[in-house]
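One structure is given here, and the rest of the page talks about it.
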Amino acid sequence: ILSKYPIVQVKELKYKRYGTKTLRNAIACLISLPGKETVWIVNTHLGCHWGGEQYQQSLELVSFLQSLEETAASTEGIILCGDFNSLSLFRSVQTIQSSFEGGIVDTWCEKGIDMGGKNGSICRVKGCTFPVSCPLMRLDYIFWRKNKNGRDGEDGLVLKCVFVLAGGEEKGEQLKYASDHLPLCAIFTIMS
């Protein structure tokens, strides 16, 4: 996690190994924002084997997120992002979304903007990030757990927009990407 604002605390979750699958983790950084507010930014990468592995990891992740919320109730909330390797109808994503009283927001559903991309290619589907060559699946998410005080819109952290950063083609060559997923971006602002 890179931040232009100070990182005041870091916590890590190491998921339990599922069979012989690759070990995965999540990292959480408490960021000190201008005006003395703080926000937890959590990044994760769930396993790519659908089913039991992702479900187990989602349960561990929810417990981790709840512990962050309990230890820092005065924050502006939690922003959870990463490669979930799951469609929104999968049990892992639904577990995360249904495990918080008051909910956790799928930012794409709330403020997603279609940026076009790929010169209008038929492969571009709104919110989809995978595979980079023809994104037809939405596997990457940015979730937002608003602060427990329920401040939304008037002051505190406010979600402005969410978009998939997709390039076109340059000089007849496909742009090179650092991943097999397109980046999903969200813009938040602090209102006071």
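The values are calculated or read from the model by the stated rules, or taken from the named source; none is laboratory data. Everything quoted here is computed from the prediction, not taken from an experiment. FYI the Cβ positions are ideal-geometry reconstructions off the backbone, even for glycines, and counts take in every protein chain you see. The area values use the complete protein model at the heavy-atom level, side chains included, leaving out ligands, DNA and RNA. Shrake-Rupley method; radii C 1.70, N 1.55, O 1.52, S 1.80 Å.
In region 49-75, the qualifying residues are those that are part of a loop (DSSP other than H, G, I, E, B) and farther than 15 Å from Thr20 by Cα, and the one that is most open to solvent (accessible area, probe 1.4 Å) is Ser74.
Selection of region 1-46 for residues being at pLDDT 95 or above, under 21 Å from Leu184 (Cβ atoms) and among the β-branched types (Val, Ile, Thr) yields Ile27, Ile41, Val42, Thr44.
When Met115, Met137 are screened for being modelled with pLDDT of 80 or more, open to solvent by 20 Å² or more (accessible area, probe 1.4 Å) and not polar (S, T, N, Q), only Met137 passes.
Picking from residues in region 35-47 that are more than 16 Å from Ile104 (Cβ to Cβ) and surrounded by 15 or more Cβ atoms within 10 Å (Cβ to Cβ), the one that is farthest from the chain's Cα centre (by Cα) is Glu37. The residue pairs whose first member lies in region 98-110 and is among the hydroxyl-bearing types (Ser, Thr, Tyr), whose second member is open to solvent by less than 30 Å² (accessible area, probe 1.4 Å) and outside any helix (DSSP H, G or I), and whose beta carbons are closer than 7 Å, counting only pairs six or more residues apart or on different chains, are Thr107/Ile142; Thr107/Phe143; Thr107/Trp144; Thr107/Leu159; Thr107/Val162. Residues of region 26-46 that are within 17 Å of Glu12 (Cβ to Cβ) and either among the small types (Gly, Ala, Ser) or in a helix (DSSP H, G or I) (or both): Ala26, Ala28. If you go through region 1-20 and keep only what is open to solvent by 60 Å² or more (accessible area, probe 1.4 Å) and among the aromatic types (Phe, Trp, Tyr), you end up with Tyr5, Tyr18. Does region 21-34 contain any residue that is within 16 Å of the chain's Cα centre (by Cα) and loosely packed, with under 12 Cβ neighbours inside 10 Å? No, region 21-34 has no match at all.
Can Ile187 be described as β-branched (Val, Ile, Thr), open to solvent by 70 Å² or more (accessible area, probe 1.4 Å) and modelled with pLDDT under 85?
The answer is no for Ile187.
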